[in-house]
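Q: My questions all concern the structure below.
The values are calculated or read from the model by the stated rules, or taken from the named source; none is laboratory data. Because the structure is predicted, anything quoted here is derived from the model rather than measured. Virtual Cβ from ideal backbone geometry, glycine too; neighbours counted across all protein chains shown.
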Amino acid sequence: MENCSLFLLLCLTWSLFILSDSQLQTSQTQVLLQLKKHLEYPKQLEIWYDRKTEFCFLSPSAQVNISCQYNSVTELKIMGDKPASEVSDFHGFAIPNQTLSESFSMDSFVTTLSRLPSLKVLSLVSLGIWGPLPDKIHRLSSLEYLDLSSNFLFGSIPPKISTLVKLQTFALDDNFFNDSIPSWLDSLSNLTILSMRNNRLKGPFPSSIKGITTLTNLALSSNEITGKLPDLSSLRNLNVLDLSGNKLGSSLPTMPKGVVMAFLSNNSFFGEIPPKYGQLSQLQHIDVSFNMLSGTPPAELFSLPNISYLNVASNTLSGSLSDNLSCGSNLKFVDISNNRLMGSLPSCLHSESRNRVVKLSGNCLSVDGRHQHPESYCRDLEVNMYRANAGAKGIGVLVSLIVGIAVVIVLLAIGFLIVCRRYCPRGISEQHLLHKSVQDNSTAGFSSGILTNARYISEAAKLGAQGLPACRSFTLEELKEATNNFDDSAFLGEGSYGKLFKGRLESGTQVAIRCLPTSKKYWIRNLKLRLDILAKIRHPHLVCILGHCIEVGQDDGSVNRVFLVYEYIPNGNFRSHLSEENCSGGVLNWSERLAVLIGICKAVHFLHTGVMPGFFHNRLKTNNILLNEHRMAKLGDYGLSIISEENGNYGAKGEDPTSWQMTRLEDDIYSFGLILLESMIGPSMAAKKEATLRDELVCAETLSTLRTTTFHISSIAQQREGYAYNHVLQPMFYIFFQLRLLIYHKISEIIYAVILAGIVTQPGWAGKVHEPSCFSYLLARIYINHDFHYK
């Protein structure tokens, strides 16, 4: 009886152990449900009901399979019903009923997926997921099997996948990757299967693949791989090689001795079939059709012990097959059609022998009724080919001679120009090359000398450019492709500087494209010089300009439209984060708002003083301040006055003083003051107070009026966040109104503002408001260095 009780106890303990081992963690259950939401509730996941679902005990099926170990998901396989192979034309945008919706975010999806750190097997096939594959996929460091086939992934393959050293199977078939094949694949030292069939991969075949000695299957067919194929004999474990349907142009490579299947058709391979192919004793299937191979196929190839499929059709093979040619016992299919073979057909290739399929039409063989050409046809082709080759050599010599002469002429011309530039006066000055120089010089204060000399960009601009991509010129076709021909789905909005579109470049990079209508008839040279000025401006708190495009009219050659391509900032603008209305990312607290303001201060300070001459009238608004994924502020639409219709010539003689003052209220000082006001009391209340502020600032004649206005606004602010507004923002906001005294007083009033800012750096505030004091200093410094002089 005791033994029976002990046995039952052991069984109960063991069952509880197994149950606890397979019981999924609550956090991972939430992750699976979130993945279901990301995938927009596919019918394959209907059995994933809620948090009470026992995911680890669900019965596996052909569509879904989950395995667990130690309370964690170790295997996740989902097969959907949205195969990418049925779509031939994909441009990086969501396709109804084919991909997931426009709201799907590949980045968010992979972020959620990375919360399954124990995942060893991941297969997500035909689910309609689309977008560039994020680098953060490398967070799944335990992955041994990764299959994302038949989806809509594009761009480049993330380099951080090279850190997945445990990866054994890597499959990305039937996607739209359009960059080159990575050169770091040899970092995956345990990789056995590499499959990237049917993508748009281009560039040369990476020699680093030769270093993956564990590779058994290599499939890169139906891409756009070019160049020479290296010696593959080092891949001693390779069984399957599939490189068909590319643009490879070289002689056939040396194969590893253990290769079983080789698919090399539909390329541009030339030369003879290597005799060593007749020594590949394990070879069962070889297809080298539709190339430019010549010579006679090795007789040993037909008699390999394991060969079952041999296809050398549609090449330029010539000569005669040996009468003594023997065929292997396993050979079931032979295709030598559409070549230039002559003579009699070996007995083993008669189709009636051993139920073997033999295709041989389109040659000059002496076989009755098999669609053969006369031998003279093939001989003439050989003669014509020889003559063509000889002619090509002669043409090559002639072309080489012409190119050599052209190079000499170009070098002489360059030398002549250098001598002329150095020792001869210029016949035409740069100013004469600029159209409407007098009118254009008024724009933002840029002279023709500045516009023609990029060296006027200061060292600060060069420092700001470090780590950011260089600006380049885009074609209109590239921008149309990036925005799906400026489709309404890509439209982001319209402002004073034109329409804004969201786009995706061929590399997968998301961009924002601003369309600037121009009525000034700039010459292209003039406009490019101005755009070059903008292109060299780089700062961490400025939205990076990636390039531009100029649309030129066909009739008069004038500029119709200018497109500026910016980096895409995904987290919305500052205004949308100041109130709960239309705020998806959360309202910023005071410390976060202050960080934004400090960043914009630095950006404006750089635009005023870091570039010579400074960029003013930048239309500072909370809508133009964008927040990236780290909530770092970046100012957009800066410096556009250089190519717009704006004129910086204010305060002309005879102009009404009130009108002049109202015009000055549009400058960066006033605009930043409104940003500061919105940061304190919110956009809706700031909008109500703006008209009142404008009237009071214009009409104010004494300091007391400004102090009254400051007290009125700060009393509103005190109701919001107590300490920060009472002890930090109130003196700052007072500084803003002190800065406005520049309309009536001298620059010395700024010094008083700096002294006033010192109240937030007293010993009692040490360690508490260091950033606000820096902010106050920056406020004053911007306008001291700006050196405004109101006449």
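Q: Could you say which residue among Ser189, Ser221, Ser207 is closer than 25 Å to Gly92 by Cβ and not aliphatic (A, V, I, L, M)?
A: That would be Ser221, the only listed residue that is closer than 25 Å to Gly92 by Cβ and not aliphatic (A, V, I, L, M).
Q: I'm told Ser27 meets every condition in (1) assigned to a helix (DSSP H, G or I); (2) at pLDDT 90 or above except one. Can you identify the failing condition by its number?
A: (2)
Q: For Leu500, indicate whether it is modelled with pLDDT of 85 or more, touching a helix residue (DSSP H, G or I) at 6+ places or on another chain (Cβ under 6 Å) and surrounded by 15 or more Cβ atoms within 10 Å (Cβ to Cβ).
A: Answer is no for this residue.
Q: Further, regarding this structure: Show me the strands (runs of 3 or more DSSP E) entirely contained within segment 147-211 in which 1 or more residues are at negative phi, modelled with pLDDT under 95 and hydrophobic (A, V, I, L, M, F, W, C).
A: 152-155
Q: Still on this structure, please answer the following. Within segment 218-273, which residues are of a type in the set (Val, Ile, Thr) and under 18 Å from Leu301 (Cα atoms)?
A: The answer is Val240, Thr254, Val259, Val260, Ile273.
Q: Mind counting the residues in segment 470-492 that are surrounded by fewer than 18 Cβ atoms within 10 Å (Cβ to Cβ) and modelled with pLDDT under 85?
A: Qualifying residue count for the region: 3.
Q: Out of all the residues in segment 88-135, which are within 16 Å of the chain's Cα centre (by Cα), of a type outside the set (A, V, I, L, M, F, W, C) and part of a strand (DSSP E or B)?
A: Gly131, Pro132, listed by residue number.
Q: Something else now. Return the residues of segment 516-565 that are modelled with pLDDT of 75 or more and charged (D, E, K, R); say none if nothing qualifies.
A: Matches in segment 516-565: Lys528, Arg530, Asp532, Lys536, Arg538, Glu551, Arg561.
Q: Also, quick follow-up: So Thr99 clears everything in (1) exposed (fewer than 14 other Cβ atoms within 10 Å of the Cβ); (2) in contact with a Gly (Cβ under 9 Å, 6 or more places away or on another chain) except one condition, right? Which one?
A: (1)
Q: Aromatic (Phe, Trp, Tyr), at negative phi and at pLDDT 85 or above: is that true of Tyr568 in this structure?
A: When the stated conditions are applied, Tyr568 passes them.
Q: Having 3 or more residues that are of a type outside the set (A, V, I, L, M) is the bar; report the strands (runs of 3 or more DSSP E) wholly within segment 255-318 that clear it.
A: Where strands (runs of 3 or more DSSP E) fall fully within segment 255-318 and carry at least 3 residues being of a type outside the set (A, V, I, L, M), they are 270-272.
Q: Out of Ser308, Ser318, Ser322, report the one residue that is among the small types (Gly, Ala, Ser), under 30 Å from Gly258 (Cβ atoms) and at pLDDT 90 or above.
A: Ser308
Q: What is the residue count in segment 193-209 for residues that are surrounded by 17 or more Cβ atoms within 10 Å (Cβ to Cβ) and over 19 Å from Leu153 (Cα atoms)?
A: 4
Q: Can you find a residue in segment 216-227 that is in a strand (DSSP E or B), buried (at least 17 other Cβ atoms within 10 Å of the Cβ), modelled with pLDDT of 95 or more and touching an Asp or Glu at 6+ places or on another chain (Cβ under 6 Å)?
A: Yes: one or more hits.
Q: Okay, next question. Is segment 64-85 home to any residue that is in a loop (DSSP other than H, G, I, E, B) and aliphatic (A, V, I, L, M)?
A: Scanning segment 64-85, I find no residue that is in a loop (DSSP other than H, G, I, E, B) and aliphatic (A, V, I, L, M), so the answer is no.
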